[in-house]
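The values are calculated or read from the model by the stated rules, or taken from the named source; none is laboratory data. None of these values were measured; they are calculated from a predicted model. Neighbour counts run over all protein chains shown; Cβ positions are idealised from the backbone, glycine included.
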Amino acid sequence: MLAGLDGLEKRFAHVNGVDIAYRVSASGKPPLLLLHGHPQTHVIWHKVVPALSQHFTLVLPDLRGYGDSSKPPAVADHSNHSKRVMAADNVDLMRHLGFDRFSILAHDRGARVAHRLAVDHPSVLDRVVVLDIAPTLAMYEGTDETFARKYWHWFFLIQPSPMPETFITSSPETFLSACMVKFAGENPFDQAAAAEYLRCARLEGWATGVCEDYRAAASIDLEHDRADREEGRKVQAPLLVLWGGAGVVERCFDPLAEWRRVAADVRGSTLPCGHYIPEEAPDALLEKALPFLLGE
């Protein structure tokens with residue numbers, strides 16, 4: 001086990017019709033939900049857990065379709081992997097653990113789940129931190145050649161089954177390397193963490209879960225986001241947006257401007273890293289996120 005996760009036993013909870021794998025730290029402190037992204041698992045947080053656990057009871061799940069959580073089957077409208085369903089998974093998990101209100105720190109796909117959770121379940125949230133994303137609708141509507149070339153996987157993974165799944169399962173290590181090394185700084189991944197990501201990428205159903213996550217983002221999730229825009233629904237919880245100064249989000253979007261279109265109370269800044277902030281720049285992340293989460 002990675003040193004940062006020592007003492008956090010892996011558990012499973014049956015919530016919202018799926019089994020969610022998770023770890024939880026010692027109780028008695030304000031709860032903080034940590035949501036990982038693609039193509040990783042809750043292990044992405046191992047470098048920041050020791051510092052965060054001094055202030056919070058941490059809950060670290062694997063999203064449905066990822067890690068050791070359930071791999072639901074694909075359905076025609078991709079709703080089994082919508083961010084609305086994933087958000088409900090995590091609200092139910094926190095209630096299962098006795099937490100009716102909490103804060104969120106989320107990266108990549110997990111940050112998209114956090115966005116949906118904040119809109120659909122505003123009463124459960126204190127504060128939200130999202131890492132290295134602009135809102136999904138803004139990213140699709142703002143797609144140009146530069147973004148499409150840099151985030152090629154967005155457009156590969158949404159192709160009809162079984163084409164992308166077949167390529168991924170033929171060599172999961174090649175797929176992980178193509179996704180992770182290109183978007184990171186110099187060697188940020190602990191060897192044990194990288195081995196865990198590869199173990200999970202080889203699990204039955206993982207490729208389907210990944211592809212369906214992205215297919216949902218390009219279809220049903222956009223429907224939900226457009227409905228929010230038309231009806232004026234926004235994130236109401238205080239929101240901190242952090243992104244890598246060497247990353248694609250910095251190059252292709254104006255993150256603060258985009259988030260201010262969909263959230264009422266936004267602040268944020270760049271960090272000296274690429275996409276995988278919790279592993280590339282854990283100290284810089286803590287310096288920005290911890291005071292915000294503590295309400296300082």
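Residue by residue, here is whether (1) part of a helix (DSSP H, G or I); (2) closer than 19 Å to SER103 by Cβ; (3) not β-branched (Val, Ile, Thr) holds:
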{"residue": "GLY37", "(1), (2), (3)": "no, yes, yes"}
{"residue": "VAL43", "(1), (2), (3)": "yes, no, no"}
{"residue": "VAL59", "(1), (2), (3)": "no, yes, no"}
{"residue": "ARG64", "(1), (2), (3)": "no, no, yes"}
{"residue": "ALA74", "(1), (2), (3)": "no, no, yes"}
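Return the residue satisfying two criteria in turn: it lies in region 1-50 and is of a type in the set (Phe, Trp, Tyr) and touching a residue at least 60 places away in the same chain (Cβ under 8 Å), and of such residues it is farthest from PRO188 (Cα to Cα).
From region 1-50, those of a type in the set (Phe, Trp, Tyr) are 12, 22, 45; that's our starting set.
Imposing the further condition that a residue be touching a residue at least 60 places away in the same chain (Cβ under 8 Å) reduces the set to 22, 45.
On the way: TYR22: 23, TRP45: 12 Å.
Step by step, filter region 1-50, then rank; the result is TYR22.
Sort out which residues of region 113-133 are part of a loop (DSSP other than H, G, I, E, B) and over 12 Å from the mean Cα position of the chain (by Cα), and write them in order of number.
Answer for region 113-133, where residues must be part of a loop (DSSP other than H, G, I, E, B) and over 12 Å from the mean Cα position of the chain (by Cα): just HIS121.
Just for region 9-26: of the residues that are assigned to a loop (DSSP other than H, G, I, E, B) and either touching a helix residue (DSSP H, G or I) at 6+ places or on another chain (Cβ under 8 Å) or of a type outside the set (A, V, I, L, M, F, W, C) (or both), which one is modelled with the lowest pLDDT?
If we take residues in region 9-26 being assigned to a loop (DSSP other than H, G, I, E, B) and either touching a helix residue (DSSP H, G or I) at 6+ places or on another chain (Cβ under 8 Å) or of a type outside the set (A, V, I, L, M, F, W, C) (or both), then GLU9 is modelled with the lowest pLDDT.
So which residues in region 137-167 are among the aromatic types (Phe, Trp, Tyr), within 22 Å of the chain's Cα centre (by Cα) and part of a helix (DSSP H, G or I), if there are any at all? Steps first, answer last, please.
Kept after step one, since they are among the aromatic types (Phe, Trp, Tyr), are these residues of region 137-167: 140, 147, 151-152, 154-156, 167.
Cutting the leftovers down to within 22 Å of the chain's Cα centre (by Cα) gives us 140, 147, 151-152, 154-156.
Hits for region 137-167 are TYR140, PHE147, TRP152, TRP154, PHE155, PHE156.
When you look at LEU63, is it closer than 15 Å to ARG112 by Cα and modelled with pLDDT of 95 or more, yes or no?
Details: closer than 15 Å to ARG112 by Cα: yes; modelled with pLDDT of 95 or more: yes.
It is true that LEU63 is closer than 15 Å to ARG112 by Cα and modelled with pLDDT of 95 or more.
Go through region 45-57 and report how many residues are closer than 19 Å to LEU2 by Cβ and either within 19 Å of the chain's Cα centre (by Cα) or assigned to a loop (DSSP other than H, G, I, E, B) (or both).
Narrowing region 45-57 to residues closer than 19 Å to LEU2 by Cβ: 45-54, 56.
Pick out the ones that are also either within 19 Å of the chain's Cα centre (by Cα) or assigned to a loop (DSSP other than H, G, I, E, B) (or both) and you get 45-49, 52-54, 56.
Counting residues in region 45-57 that are closer than 19 Å to LEU2 by Cβ and either within 19 Å of the chain's Cα centre (by Cα) or assigned to a loop (DSSP other than H, G, I, E, B) (or both) gives 9.
Considering only region 197-222, state which residues are of a type in the set (Ser, Thr, Tyr), over 15 Å from the mean Cα position of the chain (by Cα) and either part of a helix (DSSP H, G or I) or crowded, with 23+ Cβ neighbours inside 10 Å (or both). Before the answer, list the steps.
Taking region 197-222 and keeping what is of a type in the set (Ser, Thr, Tyr), we get 197, 208, 214, 219.
Among the residues that remain, those that are also over 15 Å from the mean Cα position of the chain (by Cα) are: 208, 219.
Passing the criteria: only THR208.
Please count how many residues of region 271-296 are small (Gly, Ala, Ser), outside any helix (DSSP H, G or I) and closer than 23 Å to CYS252 by Cβ. Talk me through it step by step, then tell me what you get.
Here is the first cut: in region 271-296, the ones small (Gly, Ala, Ser) are 274, 281, 284, 289, 295.
With the extra rule that they be outside any helix (DSSP H, G or I), the set shrinks to 274, 281, 295.
In the following step, the residues that additionally are closer than 23 Å to CYS252 by Cβ were identified as 274, 281.
Looking only at that region, the number is 2.
Looking only at residues that are among the acidic types (Asp, Glu) and in contact with a His (Cβ under 7 Å, 6 or more places away or on another chain) in region 195-254, which one is farthest from THR136 (Cα to Cα)?
Keep residues of region 195-254 that are among the acidic types (Asp, Glu), which gives 196, 204, 212-213, 221, 223, 225, 228, 230-231, 250, 254.
Next cut, in contact with a His (Cβ under 7 Å, 6 or more places away or on another chain) only: 212-213.
Values: GLU212: 15, ASP213: 12 Å.
Out of the qualifying residues, it is GLU212.
Taking region 136-165, which residues are hydroxyl-bearing (Ser, Thr, Tyr), touching a residue at least 40 places away in the same chain (Cβ under 8 Å) and either farther than 15 Å from ASP108 by Cβ or exposed (fewer than 15 other Cβ atoms within 10 Å of the Cβ) (or both)? Quick ask: steps written out before the conclusion?
Step one: list which residues in region 136-165 are hydroxyl-bearing (Ser, Thr, Tyr), which gives 136, 140, 143, 146, 151, 161.
Checking which are touching a residue at least 40 places away in the same chain (Cβ under 8 Å) leaves us with 136, 140, 146, 151, 161.
If the condition is that a residue be hydroxyl-bearing (Ser, Thr, Tyr), touching a residue at least 40 places away in the same chain (Cβ under 8 Å) and either farther than 15 Å from ASP108 by Cβ or exposed (fewer than 15 other Cβ atoms within 10 Å of the Cβ) (or both), then TYR140, THR146, SER161 are the ones that fit.
Has region 85-95 got any residue that is over 26 Å from TYR151 (Cα atoms) and out of contact with any helix residue (DSSP H, G or I) (no Cβ under 9 Å at 6 or more places or on another chain)? Steps first, please.
Keep residues of region 85-95 that are over 26 Å from TYR151 (Cα atoms), which gives 88-95.
Of the ones still in play, those that are also out of contact with any helix residue (DSSP H, G or I) (no Cβ under 9 Å at 6 or more places or on another chain) are 92-93.
There is at least one residue in region 85-95 that is over 26 Å from TYR151 (Cα atoms) and out of contact with any helix residue (DSSP H, G or I) (no Cβ under 9 Å at 6 or more places or on another chain).
Would you please name the residue that is farthest from the chain's Cα centre (by Cα), looking only at residues in region 168-178 that are in a helix (DSSP H, G or I) and surrounded by fewer than 15 Cβ atoms within 10 Å (Cβ to Cβ)?
SER170
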